[in-house]
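Okay, structure first, notes after.
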Amino acid sequence: MARKFFSYFCISYLFWLLLYWPFGVDRIASLQGLLVGVPVAFLVTLLFGGVFARQPEKIFQAKRYFWFLYYVPVFIYYCVLANLDVAYRVLSPEMPINPGIVKVKTSLRSRSGLTALANSITLTPGTMSVDLTEDGYIYIHWINVQTQDVEKASELIVRPFEKILKRIFE
Amino acid sequence: MSEILGNILIGIGALFVLFGTVGLVRLPDLYNRLQAATKCATLGTCSILLGVIVNRGLSAVSMKALLCIIFILLTSPTAAHALARAAHISGVKLWNKSVCDQYAEDNDRKEETTK
């Protein structure tokens with residue numbers, strides 16, 4: 001419990017530091033800012049600590065950050081690809097779309113992992129997550145349906161992210 | 001040099017937002033429109049904010065822009081999910097040429113078993 005509280009406190013204080021970035025004009029002003037941040041972060045943790053992730057102490061495990069650094073370029077690549085895809089579909093005169101809602105399966109279970117996966121799916125080419133169930137199925141609106149089979153669709157949509165996100169969040 | 005790069009990024013961002021808007025007008029139903037709007041608005045806005053960061057260097061403005069990028073990446077897809085789900089539950093139909101709707105099928109099946 002104390003560890004959880006400390007993790008939340010660190011995250012909130014980090015956000016405070018980023019918001020307060022140039023740290024004031026002189027040493028006294030910057031010290032003031034740093035000190036005010038402590039009760040503010042404390043209060044925020046006290047009020048909202050229970051709302052978010054269930055295991056915030058994971059932020060202290062260094063291995064996850066390396067996978068995160070690996071994930072960022074992968075994500076940016078797919079994100080740019082998605083936008084070019086949308087631009088192509090929208091600008092071409094005959095509008096090549098073939099939409100539908102399909103179901104895919106994921107093996108991720110933690111809440112933050114599922115959130116990250118659903119968000120990634122939304123920002124990648126032609127897919128948008130509509131809903132997810134507790135037993136690991138995600139309903140996806142696909143702008144160009146290639147297969148209606150659950151396994152094949154999972155292979156196409158979910159696999160590129162699932163492996164990496166599993167190392168980051170679980 | 002960094003100013004030119006920043007301005008290029010802002011230009012690219014504006015271009016993608018424009019594509020998203022065109023998609024909003026041209027695509028046939030709510031779900032397709034949401035796709036275009038979410039993707040393009042997210043990358044477009046992030047690109048504009050990145051351009052601001054490159055232009056202004058390491059300053060108070062760019063730190064806030066960085067935080068904005070993080071929050072947009074977190075909230076924009078979530079908002080799209082919430083809108084799409086709410087629309088589906090309240091009965092907004094898919095485009096009539098849509099291929100399949102496994103979400104509706106599963107929901108119907110669930111209703112039958114609970115009856």
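Results, tabulated for the structure shown:
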{"item": "Boolean, residue B:27 is farther than 18 Å from residue A:77 by Cα, free of Cβ contacts under 8 Å to residues at least 40 places away in the same chain and surrounded by 16 or more Cβ atoms within 10 Å (Cβ to Cβ)", "result": "yes"}
{"item": "Of all residues making up the range A:93-132, the number that are hydroxyl-bearing (Ser, Thr, Tyr) and more than 10 Å from chain B (Cβ to nearest Cβ)", "result": "4"}
{"item": "Matching residues in the range B:76-96 - criterion: being of a type in the set (Val, Ile, Thr) and over 17 Å from residue B:35 (Cβ atoms)", "result": "B:89"}
{"item": "Search result, residues across the range A:113-155 that are buried (at least 16 other Cβ atoms within 10 Å of the Cβ), over 20 Å from residue B:78 (Cα atoms) and of a type outside the set (S, T, N, Q)", "result": "A:145, A:153"}
{"item": "Matching option when the condition is free of Cβ contacts under 8 Å to residues at least 24 places away in the same chain and surrounded by fewer than 17 Cβ atoms within 10 Å (Cβ to Cβ), among A:74, A:80, A:40", "result": "A:80"}
{"item": "Residue count for the range B:55-85, restricted to those that are farther than 27 Å from residue A:146 by Cβ, more than 8 Å from chain A (Cβ to nearest Cβ) and part of a helix (DSSP H, G or I)", "result": "11"}
{"item": "Flag for residue B:108 being more than 11 Å from chain A (Cβ to nearest Cβ), free of Cβ contacts under 8 Å to residues at least 12 places away in the same chain and either of a type in the set (Asp, Glu) or closer than 30 Å to residue A:23 by Cβ (or both)", "result": "yes"}
{"item": "Failed item in (1) more than 26 Å from residue A:115 (Cβ to Cβ); (2) facing another protein chain (nearest Cβ under 9 Å); (3) not in a helix (DSSP H, G or I), with residue B:91 passing the rest", "result": "(2)"}
{"item": "The lone exception for residue B:56 - which of (1) in contact (Cβ under 8 Å) with a residue 60 or more places away in the chain; (2) in contact with a Ser or Thr (Cβ under 9 Å, 6 or more places away or on another chain) it fails", "result": "(1)"}
{"item": "Residue in the range B:17-30 that is more than 10 Å from chain A (Cβ to nearest Cβ), among the hydrophobic types (A, V, I, L, M, F, W, C) and in contact with a Gly (Cβ under 7 Å, 6 or more places away or on another chain) present", "result": "yes"}
{"item": "One residue from B:90, B:98, B:62, B:76 being of a type in the set (Gly, Ala, Ser) and at pLDDT below 80", "result": "B:98"}
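The values are calculated or read from the model by the stated rules, or taken from the named source; none is laboratory data. Values in this document were obtained by computation on a predicted structure and should not be read as measured data. Here Cβ is always computed from backbone atoms with ideal geometry, including for glycine, and neighbour counts include all displayed protein chains.
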